[in-house]
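Visitor: Following this message is one structure expressed as structure tokens.
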Amino acid sequence: QVQLVESGGGLVQAGGPLRLPCASSGRTFSDFAMGWFRQVPGKEREFVGVISRSGDSRRYVDSVKGRFTISRDNAKNTVFLQMNSLKPEDTAVYYCAARNLAMATREYEYDYWGQGTQVTVSS
């Protein structure tokens with residue numbers, strides 16, 4: 001089992017930054033690719049980005065490329081989503097997720113999920 005806990009959400013003005021940590025416990029953190037997703041009410045959960053187990057490979061959805069960066073610290077069992085130049089359309093609940101071994105972009109491919117943290121971007 002893997003337990004994931006996101007934090008760092010809140011209210012931020014458009015154009016500002018926000019950093020979301022996601023702490024992992026349970027199984028060996030470096031065994032898992034780590035993804036970030038987001039969801040707004042009435043819509044499906046959307047893939048944001050993913051980082052490989054070692055941290056040397058990343059993928060992002062086009063809408064966040066150049067603004068969001070995923071990193072991880074395997075010694076501290078934590079993955080981060082650094083969000084810069086935030087826009088009102090980035091407002092959502094953000095979730096981190098763990099997938100055993102390889103990176104993936106689809107929700108159903110992930111094995112473990114955090115509870116989510118709300119990010120609200122004001123215009």
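Visitor: Please report, in whole Å³, the volume per residue of the convex hull around the C-alpha atoms of the chain.
Guide: Residue-normalised Cα hull volume stands at 91 Å³.
Visitor: Now for a separate question. Taking trypsin sites (Lys or Arg not before Pro) as candidate sites, keep only those in a DSSP loop with at most 13 other Cβ atoms within 10 Å, then name the longest stretch of the chain containing none of them.
Guide: Segment 1-42 is the longest.
Visitor: Quick one: putting +1 on the C-beta of Lys and Arg, -1 on the C-beta of Asp and Glu, what dipole do you get for the chain around its Cα centre, in Debye to the nearest 20?
Guide: 180
Visitor: Would you tally the net charge around GLY55, using a Cβ to Cβ cut-off of less than 10 Å, leaving GLY55 out, and scoring K and R as +1, D and E as -1?
Guide: With Lys, Arg at +1 and Asp, Glu at -1, the net is +1.
Visitor: Take the Cα radius of gyration of the stretch 30-72 and divide it by 2.2 N^0.38 Å, with N its residue count; two decimals is plenty.
Guide: Normalised Cα radius of gyration, the stretch 30-72: 1.23.
Visitor: Please work out the C-alpha center-to-center distance from the stretch 1-55 to the stretch 88-109 and express it in whole Å.
Guide: 7
Visitor: Straight-line reach from LYS87: which lysines have a Cα under 29 Å away, not including same-chain ones fewer than 8 places off?
Guide: Once the sequence-local lysines are set aside, what remains near LYS87 is LYS43, LYS65.
Visitor: Between ASP62 and GLN1, what's the calculated FRET efficiency when r is the beta-carbon distance and R0 is 25 Å? Round to 0.05.
Guide: Step by step, r from the Cβ atoms, then E = 0.15.
Visitor: Most mobile of SER30, SER54, SER71 per a Gaussian network model of the chain (Cα springs, under 10 Å)?
Guide: Comparing SER30, SER54, SER71 in a Gaussian network model of the chain, the most mobile one is SER54.
Visitor: Ok, one more. Find which of ALA92, VAL2, PHE80 sits farthest along the positive direction of the dipole of the chain, computed with +1 on the beta-carbon of Lys and Arg, -1 on that of Asp and Glu, about the Cα centre.
Guide: Farthest along the dipole direction, towards plus: PHE80.
Visitor: Could I ask something else about it? Pick out which of PRO41, PRO88, PRO17 has the largest mean-square fluctuation in a Gaussian network model of the chain, springs linking Cα atoms closer than 10 Å.
Guide: For the chain, modelled as a Gaussian network with Cα springs under 10 Å, the answer is PRO41.
Visitor: Over the stretch 12-93, what is the relative contact order in percent, taking alpha-carbon pairs closer than 8 angstrom and at least six residues apart?
Guide: Here the relative contact order equals 39 percent.
Where a number appears in this text, it was derived from the coordinates with a stated rule and is not lab data. Keep in mind that what you see is a predicted model, and the values were worked out from it rather than measured. Counting neighbours? That spans all protein chains shown, and the Cβs are built from the backbone with ideal geometry, glycine included.
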